[in-house]
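Reviewing the structure listed below.
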Amino acid sequence: MTTAFVPENSINNQIDSSNPLYIHPSDHPGMLLVSKVFDGSGFGAWKRAISIALSAKNKLGFVNGEIEAATVPIQRQTWQRCNNMVISWLLNALSKDISESVLYAQTANQIWKELNDSWKT
């Protein structure tokens, strides 16, 4: 049995824009969500700013663990794409040294936990 290929963009078009798995056409991995990169100082303020930005994008659940990976393969692919987008946004909001320390985390939630454990206020 073969599985029909369904382009990612057609899946995104089927997802309601209020769904956290929806990625807006203007969203991209190089996007900067906060004006100040976290460099090791002011973690509380940075965390608040990035939380607000992720909430506005309806993606806060990826970092706080509320949006878990789907078990159905096609939904899993869509979840993974969104998770990777959030990872990219987080890495862009971190200094080079800090981003390198969390670069190999598999989920945005893992990065969030590592940052919180390392930089508690």
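Could you tell me how many of the residues in region 58-81 are more than 19 Å from Q110 (Cα to Cα) and modelled with pLDDT of 95 or more?
Of the residues in region 58-81, 0 are more than 19 Å from Q110 (Cα to Cα) and modelled with pLDDT of 95 or more.
Step by step: first the residues of region 36-50, then only those that are in contact (Cβ under 8 Å) with a residue 12 or more places away in the chain and of a type outside the set (D, E, K, R), then the one that is farthest from S18 (Cα to Cα). Which residue is that?
The extreme case among them is G40.
Given the structure, is S101 small (G, A, S), touching a residue at least 40 places away in the same chain (Cβ under 8 Å) and either touching a Pro at 6+ places or on another chain (Cβ under 8 Å) or open to solvent by 40 Å² or more (accessible area, probe 1.4 Å) (or both)?
Criteria not met by S101.
I need a count of the residues in region 1-56 that are at pLDDT 95 or above, more than 14 Å from the chain's Cα centre (by Cα) and of a type in the set (V, I, T).
Result for region 1-56: 1.
The values are calculated or read from the model by the stated rules, or taken from the named source; none is laboratory data. The model shown is predicted, which means the values in this text are computed figures rather than measured ones. Every residue, glycine among them, receives a Cβ derived from its backbone with ideal geometry; neighbour counts consider all protein chains shown. With ligands, DNA and RNA removed, areas are computed over all heavy atoms of the protein, side chains included. Shrake-Rupley method; radii C 1.70, N 1.55, O 1.52, S 1.80 Å.
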